[in-house]
Amino acid sequence: QVKKAYRQKALTCHPDKNPDKPRAAEVFHQLSQALAVLTDAAARAAYDKVRRAKHQAAERTRRLDEKRKKVKLDLEAREREAQAHESEEEEIKITRSLEQEIIRLREEGSRQLEEQQRLIQEQIRLEREQHLQGNHTRNGAEGRITPKLKLKWKCRKEDETRGGYSEDVLLRILQKYGEVLNLIISSRKTGSAVVEFATVKAAEMAVKNEVGLINNPLKISWLEGKPQHSPSTVPSDSTGQPRTSQ
């Protein structure tokens, strides 16, 4: 088989048949060497060993390339995963920062609104005090002082409901006795207010009859314009406690 194949190939590669091919002699020489190797048992064994070694080396290289390719793909996948995780964390960080900024702006706006409302209430209080002082001056010049009562009730500083006594509640309680000229709720002292009635009779009725809310009674006393015959505070019942409304 080997010799037959050699003869067939040698006929096509012989230099005499290929004078126009410069490498014909070199190819024919290599073919002769191959025949010598393949027909000699020891040389054939050595040749086969070299071929196997080359094949094994090529296989190792292929496997190594596949392993390297897998490692590269795994590395790229981990890098993409890490980048995606970093992007997600960055997005979460930006979102949280935005939420905190929105909360800060809301709180700042709320504080500014509260401050403006406080300033408005303070301005109203000052205007009422000036009005009361003006009335006192005019009434003093005319020889008459409008009746003013001091109102007190229990109220903690942190109580936003003022113990249940808002301006509307106090006016609703007091106006049933007569015209209320002014009502000032103290912004400095909790649970305290001053009311100015148009008539002494209305003030007397309030002092005598009004007890305020059942769960937080009012203590009413004269501040100005008290008649000589009027009691100074709300009368008590037989137990010594202020009367409560029914």
Single unsatisfied condition, I173 versus (1) in a strand (DSSP E or B); (2) at pLDDT below 95: (1)
Qualifying residue in the stretch 212-221 (condition: among the aliphatic types (A, V, I, L, M), at pLDDT 90 or above, within 11 Å of P147 (Cα to Cα) and touching a Leu at 6+ places or on another chain (Cβ under 8 Å)): no
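Take the stretch 176-186 and flag every residue that is part of a loop (DSSP other than H, G, I, E, B) and out of contact with any helix residue (DSSP H, G or I) (no Cβ under 6 Å at 6 or more places or on another chain).
Applying the first criterion (part of a loop (DSSP other than H, G, I, E, B)) to the stretch 176-186 yields 176-179, 186.
Across the stretch 176-186, the qualifying residues are K176, E179, S186.
So, T61, is that one surrounded by 10 or more Cβ atoms within 10 Å (Cβ to Cβ), modelled with pLDDT of 85 or more and polar (S, T, N, Q) or not? Quick ask: steps written out before the conclusion?
Numbers: surrounded by 10 or more Cβ atoms within 10 Å (Cβ to Cβ): yes; modelled with pLDDT of 85 or more: yes; polar (S, T, N, Q): yes.
In short, yes.
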Unique residue being in contact (Cβ under 8 Å) with a residue 60 or more places away in the chain, basic (K, R) and crowded, with 17+ Cβ neighbours inside 10 Å when the list is K219, K226: K226
Selection within the stretch 111-162 - at pLDDT below 75, in a loop (DSSP other than H, G, I, E, B) and surrounded by fewer than 10 Cβ atoms within 10 Å (Cβ to Cβ): E142, G143
Number of the condition not met by L149 [criteria: (1) closer than 19 Å to E224 by Cα; (2) without any contact (Cβ under 8 Å) to a residue 40 or more places away in the chain]: (2)
Pick from the stretch 187-211, criterion buried (at least 16 other Cβ atoms within 10 Å of the Cβ) and assigned to a loop (DSSP other than H, G, I, E, B), ranking: modelled with the lowest pLDDT: T190
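The values are calculated or read from the model by the stated rules, or taken from the named source; none is laboratory data. Everything numeric in this text was worked out from a predicted model, so none of it was measured. When we count neighbours, we look across all protein chains shown, and the Cβ atoms used for this are built from the backbone with ideal geometry, even at glycine.
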